[in-house]
Structures are given as C-alpha cells and as structure tokens.
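Worksheet: one structure, shown below.
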Amino acid sequence: MNTTKKERIQGIHNMLLEMASGNFFYRLERHTKNDNLEAISISLNMLAEEIQEIIIHQGFANSNNPMFETVQMSFILDESGTIEMANQQSCYLLSLASQDIIGTPFEKILDTTSLAKWKVLWTSFLQKKKTESTIALKFRTKSGLVISKTAHLTALTESKKEQIKILITIILHSNHQIELDNKLKQSVHQFSTHQKKIHKETLVKPAKSKIRLSFEDIRKIREGHTFILNNLGKDFPSLKDFAHQLGTNEFKLKYGFRELYGTSVYRFLKQERFRKAQMLVQYGDQSIKSIANISGFKSFSHFSRTFKKRYGYTPSELRKKSLNQG
C-alpha cells in the first residue's frame, strides 16, 4: 500500500488518541521503510499488544476477577457477501455510519492482508463444505487504523430456502468486576442486622426494602454505560426509552447506575461529552464546530459557553493555547 509520510503521521496520531481513550485493540499498518516512523509504529503496536495481553492475562490468572465476555462486533452477510446487518459497536469501532456499512461487501472493511484467506473461507461456506469456522481477520477503520480480531462464522439456513446467511461474531474479553458486584448485591438484597433489630424492638411495620438488583440487572446497566461511551455524539433517548432498550425499567436504571458509577445517567453523559470534546480540542485537528457536533452538542454557542464555564477557556482559546505550547 502506497502511503504518504503525512498519512503515516496521521495514523500514529489517531492511534495515540485511541490509546489515550483506553482503546488498545487498534494497530498501525506496518511498512517496508526502515525509518523513524516505522520504529514509532512498531513501538505503539507492541505497547498496545502488551497492555491488552496484561488485561486478558489478569482476567484468566486471577480467579477472584474472572473474564467477562461480550459481543463486540457482529454482522450478518447475505449469500453474495454483502453486509445486511451490523451492530452499533461495529459502526463505532470502524468509525463508519451504519448506512456506510449496510449494503457494503464485507471484504471492503477488511485490511488487504486478510482478503486472500477470507475469500478461501467464504468459498467453503458457499459450497457448504463448512457451516462453522473461526478465522483471524484484520479490519481497517475509516481513519486508517487496523483492528486484529478473531471472528467466528456460523451459517444460518432459512426454512424452505436454499439461500444461506452468515453470522459473524467477534467477542471482547474484559475483566468482570466481581467484587463490585458482590458489594452491590449485598447492599440491595438485604437489610442490615442492625435495621432488622430496630424493627423488631420498636414493633413497627418494616419499611419498604431497597430495590433488588439481580446480576442480570447489573449487566444491563453496564451495557448502558458502554453504550453511552460509544454513542456520545448521538441524540440520547429518554431514560424510560433507554431503560427499555436495555431490557430493564427506569427506576432500576437510575438506582443501579448511581450505585455502580456514583452519578446519574445524564450527569455521566454530560461529563463524558465534555471529556471527549476537551481531548479533541487539545490534540485533534477537526474544526471546533465539528468537535461540538461529534461530542453531542447541538448548539455551538451553548457548547462554547458551557465549555468555558467548565474549563476556564473557550474551545478556541484552549486550542490556541495548546498549539502555542506545542
């Protein structure tokens, strides 16, 4: 791939921003040139790999903190290899809108290094030689970064139809905070011994118990937390609609979110939008208006005014200050 020096520098810049945001699954493309940029790229890839391995290793090695698995990316392909469905997380990771993914050949989002083996496997599925398989693939994001993932393919057959569809699933391993779960479970499932003693001694009707959150409730609230982080630039639904989207109710969502994260849903959303905007203003090269939009602020004047109230500088002043310091 003939990539200019400017594009390689931009790739390094994008990689650093992702790592600063806590994403360590992206990789930079390797080049044949043995220069300083290639050395930096190799170092960043190794660093991201080591951090990711440490996280995964801790999860498997520490029995008190086991691994938690969630579907990170999923696609459904038709018989021609065209993407019919992609989950929201796939769009986020690839930096593409859903309309730019749906209706696109799957191989278009793959890195060129994965195309040959993908075509061989795809042919095997079309010839019905395989109904399930696992393959290591590299995806290329809109910003030029590479995501290396292991994908599981499953052939789906529709009744009374010869055509097949392929489900592609990619699993993310992460540490499950079991200690926090146990603490939350204890706090929401029972009264303390002291409370029970008071009720018995005073012979009054016991007060209503706290809301009971199951581990499934906790999992759904965590999914909501992840959804917020991955969709900061989108219009946020009402709490009632958001709770239904997660498969819970508004009361449990509000109560559980505060128990797990120490703040309300809307306050967390606002905090993370400002955090993303501040990072992009200081280290990105997008226009301030674009940053306001992708960070979820619909009014530029409101964004500028509230940004200054929060950080002491308007976005333009902070951008100028950062450039002068650099």
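We did not get these values from a lab; they are worked out from the coordinates using the rules stated. No experiment lies behind these values; they were computed from the predicted model shown. Quick reminder, even Gly has a Cβ in these numbers, built from the backbone with ideal geometry, and neighbours come from all protein chains shown.
Run the dipole for segment 269-325 about the Cα centre, Lys and Arg Cβ at +1, Asp and Glu Cβ at -1, nothing else charged, and hand back the magnitude in debye, nearest 20.
Rounded to the nearest 20 debye, it is 220 debye.
Can you give the percent of C-alpha pairs in segment 269-325 whose distance is more than 15 Å?
It works out to 37 percent of all Cα pairs.
Taking θ = phi - 60°, what integer Hz values does the Karplus form 6.51 cos²θ - 1.76 cosθ + 1.60 yield along segment 269-274, in sequence order, with x for Gly and Pro?
With coefficients 6.51, -1.76 and 1.60, one gets 4, 5, 4, 6, 5, 5 Hz.
State the number of lysine pairs found in segment 269-325 whose Cα atoms come within less than 21 Å, restricting to pairs 8 or more positions apart or on distinct chains.
Going through segment 269-325 pair by pair, I get 21.
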